[in-house]
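Before any comments, here is the structure.
Each reported figure results from applying straightforward, stated rules to the coordinates on display, with no laboratory input. As the structure is a computational prediction, the values presented were derived from the model and not from experiment. Don't worry about glycine lacking a Cβ; one is built from the backbone with ideal geometry, like all the others, and counts go over all protein chains shown.
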């Protein structure tokens, strides 16, 4: 509800489009929850219920992140870059080194992209081993994200790809939406293309 009210207040439209593959996942999880409840299968109920709660929340928080990106003026990128340098971390030197070592760059990219898959695996494992802990895990993730989003308004950043001008690389897939949000060109949020 917060997403809808904030979108209306900021003049955004939310496009509730979902891909067929995503619909199949939603339907499978919902069927699993109903079947688990019907036949008293606590492990299946924990796994499907946890994944379903997480998916619903991630979609809602994704919209809220888009809306939070348009609220603040300015950028804290330079301040964070200065802090990194003060701590001895030079993003451009690190980036240059990884580009010079394609095997390591590939490993790091793959590891980063796999992060989204770790959470469902944890839910699956917890559901099989200790089903009651799935609710705690999902709630912890939700609380952490809810506490994080306000910082997008307080400390807006474009990220190193934008700050250093490397928006043409695959890892910078989010920058197109970010730039369109900040310039005012994007006034609709497509739920099937959240970045």
Next on the checklist: Need the full-extension length gain, residue 82 to residue 109, defined as separation in residues times 0.36 nm minus the C-alpha distance. One decimal, nm.
Outcome noted: 7.2 nm
Next on the checklist: For the pair residue 164/residue 58, report the inter-label distance in nm, with labels modelled 7 Å from Cα in the Cβ direction.
Outcome noted: 2.7
Checklist outcome for this item: Between the Cα axis of helix 42-70 and the main Cα principal axis of the chain, the angle (0 to 90°, nearest 10) is 30
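Under 1.5 on a/c is rounded, so check that first for the stretch 1-91, then, if it is not, pick prolate when a/b is larger than b/c and oblate when it is not; a ≥ b ≥ c are the square roots of the alpha carbon gyration tensor eigenvalues.
Judged from the Cα gyration tensor, the stretch 1-91 comes out oblate (a/c at least 1.5, b/c at or above a/b).
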Checklist entry - Can you give the extra length, in nm with one decimal, that the chain gains between residue 194 and residue 38 once fully stretched, where that is 0.36 nm per residue apart less the Cα-Cα distance? => result 52.8 nm
Next on the checklist: Using a 7 Å offset from the Cα along the Cα-to-Cβ direction at both residue 92 and residue 13, what is the distance between the two label points in nm, to one decimal?
Outcome noted: 4.2
Checklist entry - Hey, what angle do you get for helix 91-100 against the long axis of the chain, alpha-carbon based, 0 to 90 degrees rounded to 10? => result 80
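Nearest 0.05, what FRET efficiency do residue 176 and residue 28 give at R0 = 41 Å with Cβ-Cβ as r? Spell out each step's value before the answer.
Working: r = 31 Å, r/R0 = 0.76.
Once rounded, the FRET efficiency stands at 0.85.
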Checklist entry - How far is helix 102-129 tilted off the main Cα axis of the chain, in degrees rounded to 10, range 0 to 90? => result 30
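Can you bin the stretch 66-131 into rounded, prolate or oblate? Criterion: square roots of the alpha carbon gyration tensor eigenvalues sorted a ≥ b ≥ c, rounded for a/c under 1.5, prolate for a/b above b/c, oblate for the rest.
Numbers: a/c = 2.65, a/b = 1.38, b/c = 1.92.
Judged from the Cα gyration tensor, the stretch 66-131 comes out oblate (a/c at least 1.5, b/c at or above a/b).
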